Amino acid sequence: MKCPFCSPSEEVLLYEDEHIRILIDSFPANRGHLLVVPKRHVEDWNELKEEEKFAIMRGIELAIEKLGKVLKPEGFNVGINLGEAAGQTVAHLHVHVIPRYRGDTNFPRGGVRKAVLDIEDENLSLKEKWARNRLTQKEKETLKRLFAHI
């Protein structure tokens, strides 16, 4: 299968530099869910070069900054699923930057610590939720404009 992060469509590509890409998640857990991915195809954090690690951290900062300007979230979850046992479904390292809004879930307490709860992720089975969480065309264009001025 072709890696979706190695050759992303223009529709999801917000930013690209020498080391990273920032993409719109195709199955968003929440409005504005972005992915920061290394351009080089690697599966694990330990495979990254130091400059790629720094670039990913800078990408997280950029994603938070730009999402803050466009969507005005009240918080963020940032996380990496390293390995299939941790929930990684695409074998290309990627960092999730998920904006959070007051009232977007009934039980926000615990944040990423819920990753080890033995319950199904409702986001994976509710396609209507993906549709509801997708950015509008105007929001995508605004984010692309902001990322273009870096």
Q: Considering each of 13, 48, 82 in turn, give the residue that is at pLDDT 95 or above, closer than 26 Å to residue 100 by Cβ and surrounded by 14 or more Cβ atoms within 10 Å (Cβ to Cβ).
A: 13
(Q) Just checking, does the range 127-138 include any residue being of a type in the set (D, E, K, R), modelled with pLDDT of 95 or more and in contact with a strand residue (DSSP E or B) (Cβ under 9 Å, 6 or more places away or on another chain)? (A) no
Q: State which residue is nearest to residue 106 (Cα to Cα) when the search covers only the range 29-45 and only residues that are in contact with a helix residue (DSSP H, G or I) (Cβ under 6 Å, 6 or more places away or on another chain) and crowded, with 22+ Cβ neighbours inside 10 Å.
A: 32
Q: Evaluate the following for residue 76: is it of a type outside the set (A, V, I, L, M), free of Cβ contacts under 8 Å to residues at least 40 places away in the same chain and either in contact with a His (Cβ under 9 Å, 6 or more places away or on another chain) or surrounded by fewer than 15 Cβ atoms within 10 Å (Cβ to Cβ) (or both)?
A: no
Q) How many residues are crowded, with 21+ Cβ neighbours inside 10 Å and either within 21 Å of residue 87 (Cβ to Cβ) or within 10 Å of the chain's Cα centre (by Cα) (or both) if we restrict to the range 58-70? A) 2
Q. Within the range 1-10, how many residues turn out to be buried (at least 18 other Cβ atoms within 10 Å of the Cβ) and touching a residue at least 60 places away in the same chain (Cβ under 8 Å)?
A. 1
Q: Mind listing whichever residues of the range 40-57 are free of Cβ contacts under 8 Å to residues at least 24 places away in the same chain and under 14 Å from the mean Cα position of the chain (by Cα)?
A: 57
Q) Looking only at the range 36-67, which residues are closer than 13 Å to residue 15 by Cβ and acidic (Asp, Glu)? A) 61, 65
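The values are calculated or read from the model by the stated rules, or taken from the named source; none is laboratory data. This structure is a prediction, so every number in the text was calculated from the model and none was measured. Neighbour counts are summed over all protein chains in view; Cβ atoms, including those assigned to glycine, are modelled from backbone coordinates with ideal geometry.
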